[in-house]
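The block underneath contains the structure these notes are about, expressed in structure tokens.
The values are calculated or read from the model by the stated rules, or taken from the named source; none is laboratory data. Keep in mind that what you see is a predicted model, and the values were worked out from it rather than measured. We place every Cβ from the backbone using ideal geometry, glycine too, and count neighbours over all the protein chains shown.
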Amino acid sequence: MRPSFVALVVPDVAASARFCAEGLGLEPGKAGAEWAFFRFGSLQLAVWSVAAWRAETGLESPPPPGAVSLSVNHAGPAAWEAAITRATRAGATLLRRAPASGPFPPRAWLRCPAGHLWELACEPGSPGPAPA
């Protein structure tokens, strides 16, 4: 079994979709008023409204933003720096830059406008977006 998509529950689908496209450079897919899909490697990333999530699951409250983090690897320093700049210009807050340590590459932690955590890593040779 392999996952098909990851869903993030968000308060504002339009703002989150704009951030995914403009801030992260993700390729848009199908979209509606309550949801939007993006190509995310071999997966699809869905941003889903709180109201639609509640109607679908029957639950009152989604997990809080930041309960899960998503990571995007970049093929080199230039692509990595460009990704950080693009994300912050689109409204992300840069929380921390972490240097390479042990098995981990240099990385930056950001919080998107909906409150979810994103790790942007600089890992040449690893699968990820093409260099900018």
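Key figures
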{"item": "Output for the stretch 14-32, where each listed residue is under 21 Å from VAL72 (Cα atoms) and surrounded by 15 or more Cβ atoms within 10 Å (Cβ to Cβ)", "result": "ALA15, SER16, ALA17, ARG18, PHE19, CYS20, ALA21, GLY23, LEU24, GLY25, LEU26"}
{"item": "Count - residues of the stretch 41-58 that are acidic (Asp, Glu) and closer than 22 Å to LEU70 by Cα", "result": "0"}
{"item": "Check on ALA46, farther than 18 Å from PHE5 by Cβ, modelled with pLDDT of 90 or more and in the same structural domain as GLY23 (by TED's automatic domain parsing)", "result": "no"}
{"item": "2 or more residues aliphatic (A, V, I, L, M): qualifying strands (runs of 3 or more DSSP E) within the stretch 1-80", "result": "5-10, 43-49, 69-74"}
{"item": "Qualifying residue in the stretch 92-107 (condition: closer than 19 Å to ASP12 by Cα, in contact with a strand residue (DSSP E or B) (Cβ under 6 Å, 6 or more places away or on another chain) and surrounded by 12 or more Cβ atoms within 10 Å (Cβ to Cβ))", "result": "yes"}
